[in-house]
Amino acid sequence: MGRIAKFLGNPGARPDVHHRAPLIDCNQFEEFGDSKDDKNNDMVKVISNSDESTDDELCNVDLSASGAIYTSKGFTGLSKGFTDKSLDFLVRVGGSQVVFFIVWVIVIIWIVIGIVYNAPFNWQVVMQDGQSIQSYVWDTLLMRQQLMSTHEQILVCGRLRSRLGSFKNYLTRSSPKEGKKEDCTVETNEINSVGEHIDPAVVSGELPVENWYDRLSNLASECMGSITAMVIFWIGIFVWIGCGAIPKNAGNTPPYTGETSGSNPRLKKFSDDWQMYINTAVAVSILICSTFLQNLRARHDDFIGRFLIRIFDMDEKIDYHIRKHFNDFNTPHPIVTVKSHKRSTARKMIDWYADIIGTGVGVAIGVGVFAAWIGIGAPLKWNDNWWLIIGTYTGLVGFLDGFVLREVYFRIVSHEEENYSEVAREDLELFEELGLECPEEFTGKAPERNSLSYRISQYINKICSNQWSVLVSVLIIIGLICVASGLRWSTTGQLIANTPTMIIEEFFLLVLLQAHNWADRQRRVEVSALFARRRILLAYVQKRFPSVWP
């Protein structure tokens, strides 16, 4: 079973994470790190992997110059191979501006073709199929992005805590003399003298805006991830349902035909075209929302990565000057272990499915399904049913994926939050022992929200993130399959299977977008606060060990 689990990517496994911060490369630091020249400071690069001599159980984490985070092991505990690295690359590409603009170009071309050819049936089906395939692929990328991002941030916290353990050991081993303790107090102007000024907007968790593209992305994410957008969405759905009760072409039919609306196809209620309208509208909405979500996550990760580069750089400088003062470059940092949470059987099954989605296994299954769909095109004479088959499959799978994405995200963000809170707690404990004051805005606590809109949104998020909601989604899928089978998978049967799933999938995407907005903002608050605390500690070390500095 071990080989099979390894081949499949060890799905569902959530082992404990072990990490030890690396020892300082004193030769490199003596070449660049002792200079206060800004140019030389920029040349100090952080190497954040564990020592080569440590146990195989330790998971390494590397931070590139661009802020991208790389780990030696994945979230299932296995070493990352070619497939994992390729998927991680695709995640970064999927959130790029290039892909974002390509999606918009495709949507515009599709709209123009619809105007020219008067929106034929197959034109709508092509959008649904394209969106369903895109969502199928994006679900894989989003799931992997969520799982890997949390795994990376937990390792980042592990590295910070490992080095912090050494800081505490050295700095409290030989405390300043009683009469000189106040001399090591760090003032605000001394914090800012360590580096650039700390922007209050950044400390509050705002993403930096560099151009019109950033403004558009921020505005779209805030609007689509709001309770107002959810209300408007459901109003639109109810209006659509009401329109379905109006017989098709009723306005163009003579007052009396001698037939009832049920037998006259021209007066058919809740027709296939009626279903296609909402399917097409929701397909476009899902396409846009998922693209914005992927892009927003990429920008958030870039923001966090750039801050971590500077945090790790200060960490290394603090460590170097403390060790130089004590003349100890050999004592390793303590190993930090992050325990995995206990999970119910249902959540283990959810994680198993999530890992199948977010690994190469899910990609292989998808390629096989698409190949089979293309293979049956000729026997079905490429008719409407054939066009709808792939949309039905990806729609049902995407429906389940939406529930799983939301449930998994709720849990992993909570786990990530615990680790950042632990770093903040240990930081503040050290500050208290050293007699340092930390301003309230640098504790990492997000501003409290108590508005009615926020409470309603929280309630919706909590319901949608429950493990039982995933079970409900499975039961709905089974019911829809039974209905479609009873209709022999006709066009009507497939549309019935497609329509409710796409509507709920879009709603869940709005909920997920909102959850990402909240969680990402909180993470940016914590990381920027951590950055400020490291400034305080670096300024303290400079003042306490002045003889170390040139």
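Do the alpha carbons of any pairs in LYS317/LYS543; LYS168/LYS317; LYS80/LYS348; LYS168/LYS324; LYS339/LYS445 sit beyond 18 Å of each other, and which pairs?
LYS80/LYS348; LYS339/LYS445
Mind ordering 495-503, 431-439 by average Cβ neighbours within 10 Å, highest first?
Going from most to least packed, we get 495-503, 431-439.
Can you tell me the order of 369-380, 319-330 when each peptide is scored by its average per-residue count of other Cβ atoms within 10 angstrom, highest first?
Highest mean packing first, the order is 319-330, 369-380.
What order do you get for VAL363, VAL125, VAL483 when you list them from fewest to most C-beta neighbours inside 10 Å?
So the residues, fewest neighbours to most, are VAL483, VAL363, VAL125.
Just want the ordering: ASP273, ASP315, from fewest to most Cβ atoms lying within 10 Å of their own Cβ.
With the sparsest Cβ surroundings first, the list reads ASP273, ASP315.
Rounded to the nearest 0.05, what FRET efficiency do ILE232 and SER340 give with R0 = 51 Å and r taken as the Cβ-Cβ distance? Could you check?
On the way: r = 40 Å, r/R0 = 0.79.
With R0 = 51 Å, the Cβ-Cβ based efficiency is 0.80.
Bear in mind these aren't lab numbers, they're just calculated from the coordinates by the rules spelled out. No experiment lies behind these values; they were computed from the predicted model shown. Positions of Cβ are generated from backbone atoms using ideal geometry, with glycine treated the same way; all protein chains shown enter the neighbour counts.
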